[in-house]
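Rule-based calculations on the coordinates, nothing more; no lab input. Remember, predicted model here, so these are calculated numbers, not experimental data. As a convention, Cβ positions derive from the backbone with ideal geometry for all residues, glycine included, and neighbour counts pool all protein chains shown.
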Amino acid sequence: MYLSPFINALEDSKAKNIKAIDIHELTTIANHFLIASGTSATHIKSITDKLIEKISENGLKPLRVEGYNHARWILLDYGDVIIHIFHEEDREYYGLERLWQDGKPVEL
């Protein structure tokens with residue numbers, strides 16, 4: 001599965017509550033969302049840095065990174081895969097899993 005490198009990088013960086021949603025039948029913006037949480041701005045930046053480093057070893061670089069300076073919700077766009085790394089409180093507030101509930105959960 002092409003999500004494995006992303007999931008492994010999130011797990012290696014101690015991201016919490018990792019979820020994957022298949023959204024390819026709902027939108028053309030991506031095929032999958034990966035959603036994970038961190039406990040602080042430092043933790044969220046660390047998750048992001050380690051993920052970018054690990055994935056770049058496979059020759060992939062994000063097309064766009066948003067939210068890094070504030071580190072409450074960082075979005076990494078890898079084309080077919082969009083990764084959302086939230087502060088735990090913000091993840092609950094924005095509820096992406098609820099907003100994209102018509103997508104198919106992916107077994108990790």
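With θ taken as phi - 60° and the coefficients 6.51, -1.76 and 1.60, list the Karplus ³J(HN,Hα) couplings across segment 97-108 in order, rounded to whole Hz; mark glycine and proline as x.
Ordered by residue, 3J(HN,Hα) equals 4, 6, 5, 10, 5, 7, x, 9, x, 9, 5, 9 Hz.
Of L60, S46, L10, which is farthest on the positive side of the dipole of the chain, counting Cα position, with +1 on Lys and Arg Cβ, -1 on Asp and Glu Cβ, and the Cα centre as origin?
Checking the options against the dipole of the chain, the answer is S46.
From the mean inverse distance of alpha carbon pairs (Kirkwood) and the Cα radius of gyration, derive Rg over Rh for the chain.
That ratio equals 0.93.
Treat every Asp and Glu Cβ in the chain as -1 and every Lys and Arg Cβ as +1, leave all other atoms uncharged, and give the resulting dipole magnitude about the Cα centre to the nearest 20 debye.
In debye, rounded to 20, the chain gives about 220.
Please arrange R72, R64 by how many other C-beta atoms lie within 10 Å of their C-beta, fewest to most.
R64, R72
Going by average Cβ density within 10 Å per residue, which order do the peptides 49-57, 35-43, 77-85 take, highest to lowest?
Per-residue Cβ counts within 10 Å, averaged per peptide and sorted highest first, yield 77-85, 35-43, 49-57.
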